[in-house]
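Encoded as structure tokens, the structure appears first; notes follow it.
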Amino acid sequence: MNTTSMAVVRLSVEVITLPVSDVERVLRFYVDQVGFTLDVDYSPNDAFRVVQLTPPGSSCSIQIGRGLTDAPVGSLRNVYLVVTDLEAARSRLLERGVKVGEIRHKVPIDAWDGSFAPGLDPARRDYASFADFSDPDGNSWVLQERGYRNV
């Protein structure tokens, strides 16, 4: 028996690359409207640019740029941003000009079958309430509420 295969390997998602068409436009969207922090903007030549941005409180960043990915522009789908107060997060994004979908919650919660009802989960249970938005290129995000009762 190989004992090294029994060891726990720590895996950590640290960066997600988003395929975008206009780096400056998307950079402004994430910094000015969504509120991400600009960590890195590096371009050693015209063919390569990496811009790294981090959501407040997150250990995982996103990267946009040139020469980073050959994925189709706008093809990233349903990356989750977990928030403690979905109503407040949605309101803040709307105030900053982000088009955010209506809040919805899972139904029936205890035997969820993929259906949703409008509004927040009445009990504000973790992982039960959602809202969506997309960046200017169509990469999509899901806001999900967790920890509301622990705030």
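The values are calculated or read from the model by the stated rules, or taken from the named source; none is laboratory data. Nothing here was measured: the structure is a model prediction, and the numbers come from that model. Note that each Cβ is placed from the backbone with ideal geometry, even for glycine, and that neighbours are counted across all protein chains shown.
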Report, ordered by the first and then the second residue, all pairs with beta carbons closer than 9 Å, sequence separation of six or more or different chains, a first member in the stretch 8-37 that is on the phi > 0 side of the Ramachandran plot, and a second member that is crowded, with 18+ Cβ neighbours inside 10 Å.
Gly35/Pro55; Gly35/Leu93
Restricting attention to the stretch 43-59, the residues that are charged (D, E, K, R) and either outside the structural domain of Val23 (by TED's automatic domain parsing) or farther than 30 Å from Val83 by Cβ (or both) number exactly 1
Going through the stretch 128-151 in order, the residues found to be of a type outside the set (Lys, Arg), within 15 Å of Val82 (Cβ to Cβ), at pLDDT 95 or above and not in a strand (DSSP E or B) are Ala128
In the set Ser140, Ser59, Ser75, the lone residue that is polar (S, T, N, Q), closer than 16 Å to Ile16 by Cα and in contact with a Pro (Cβ under 8 Å, 6 or more places away or on another chain) is Ser75
Considering the stretch 81-96, residues that are in contact with a helix residue (DSSP H, G or I) (Cβ under 9 Å, 6 or more places away or on another chain) and within 12 Å of Val142 (Cα to Cα), and then whichever is surrounded by the fewest Cβ atoms within 10 Å (Cβ to Cβ), we arrive at Leu81
Residue satisfying all of: in the stretch 97-126; at pLDDT 95 or above and on the phi > 0 side of the Ramachandran plot; surrounded by the most Cβ atoms within 10 Å (Cβ to Cβ) among these
Arg124
Starting from the stretch 135-150, keep only residues that are within 9 Å of Val79 (Cα to Cα), then list their pairs with residues that are in a loop (DSSP other than H, G, I, E, B) and polar (S, T, N, Q) whose Cβ atoms are within a distance under 6 Å, requiring at least 6 positions of separation or different chains.
Ser140/Asn78; Val142/Asn78
